[in-house]
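Below is one structure, written out as structure tokens; the observations come after it.
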Amino acid sequence: NYKLKINSHKNLKTLTIPTFLNIDLQFELANIGTRVGAFVIDWIVKWVYFITISSVFSIDIFGNKLLLAFIIYSPFIFYTFLMEWLNKGQTLGKMLLKIKVVGQEGNPPTLSQSGIRWMFLLVDCYLLYLFTFINPMVASLAAFSPVIGLIFMVSNPKHQRLGDLAAQTSSSCHSAPT
């Protein structure tokens, strides 16, 4: 599989992926700050959509029009999954910050890899939000929910969150492999 190399004079981490042609592909790993920045941009995009649609349609997501609410809010719910799968590993935040998700062979994420990453976002970034539905007293902690994914990225040499580990993906800079 792939190896991690650290370029000490530039303090860059490089992901080296051997190919069947005995040619190594090298991708510069995205640093944690860039990944957090992309997450924040995507979070803003999703919440602008949510607030805009909520004000235009005035649908109570807990009311009797649950199916209609699900359809209208689907772009909010599935944004990360669809963007990463359809845009070869990039969401709007990743595009702006020039990073992308790559699989073990350096390829864009597959449908299943994108799906796994998206499902693990519930743990990496939204776990405390989910507990708010069980116990409203947890609502004050919900803002700290993304810290779970951040802890995984800081403690992992490849800056992988739990979703990356499960899907066998990494985030790299958008430059061409060398």
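Which number in (1) free of Cβ contacts under 8 Å to residues at least 40 places away in the same chain; (2) in contact with a Ser or Thr (Cβ under 9 Å, 6 or more places away or on another chain); (3) open to solvent by 70 Å² or more (accessible area, probe 1.4 Å); (4) not polar (S, T, N, Q) marks the one condition that Phe144 misses?
Of the numbered conditions (1) free of Cβ contacts under 8 Å to residues at least 40 places away in the same chain; (2) in contact with a Ser or Thr (Cβ under 9 Å, 6 or more places away or on another chain); (3) open to solvent by 70 Å² or more (accessible area, probe 1.4 Å); (4) not polar (S, T, N, Q), the odd one out for Phe144 is (2).
Do you know which residues across segment 147-164 are surrounded by fewer than 16 Cβ atoms within 10 Å (Cβ to Cβ) and in contact (Cβ under 8 Å) with a residue 12 or more places away in the chain?
Listed by number, the residues that qualify are Val154, Pro157.
Check segment 110-121 and report whether any residue there is surrounded by fewer than 13 Cβ atoms within 10 Å (Cβ to Cβ), assigned to a helix (DSSP H, G or I) and touching a helix residue (DSSP H, G or I) at 6+ places or on another chain (Cβ under 7 Å).
yes
Which ones in segment 54-105 are among the β-branched types (Val, Ile, Thr) and in a helix (DSSP H, G or I)?
Val56, Ile71, Ile72, Ile77, Thr80
Cβ-Cβ under 8 Å, sequence separation 6+ or interchain: first residue in segment 46-59 and within 15 Å of Phe70 (Cβ to Cβ), partner of a type in the set (A, V, I, L, M) and open to solvent by 70 Å² or more (accessible area, probe 1.4 Å). Which pairs?
Pairs found: Ile59/Leu68.
Is it the case, given these coordinates, that Tyr79 is within 25 Å of Ile151 (Cβ to Cβ) and open to solvent by less than 60 Å² (accessible area, probe 1.4 Å)?
Yes; evaluated as a whole, the condition is true for this residue.
If the requirement is being of a type in the set (Val, Ile, Thr) and modelled with pLDDT of 90 or more, which of these qualifies: Ile71, Ile99? If you could, list the steps in order and put the result at the bottom.
Working: Ile71 fails: modelled with pLDDT of 90 or more.
The conditions single out Ile99.
Exactly one of (1) touching a helix residue (DSSP H, G or I) at 6+ places or on another chain (Cβ under 8 Å); (2) farther than 19 Å from Phe152 by Cα is unmet by Glu105. Its number?
(1)
The values are calculated or read from the model by the stated rules, or taken from the named source; none is laboratory data. Everything quoted here is computed from the prediction, not taken from an experiment. All Cβ positions, even for glycine, are placed from backbone atoms using ideal geometry, and neighbour counts span all protein chains on display. Just so you know, the surface numbers come from the protein's heavy atoms only, side chains and all, with ligands and any DNA or RNA stripped out. Shrake-Rupley method; radii C 1.70, N 1.55, O 1.52, S 1.80 Å.
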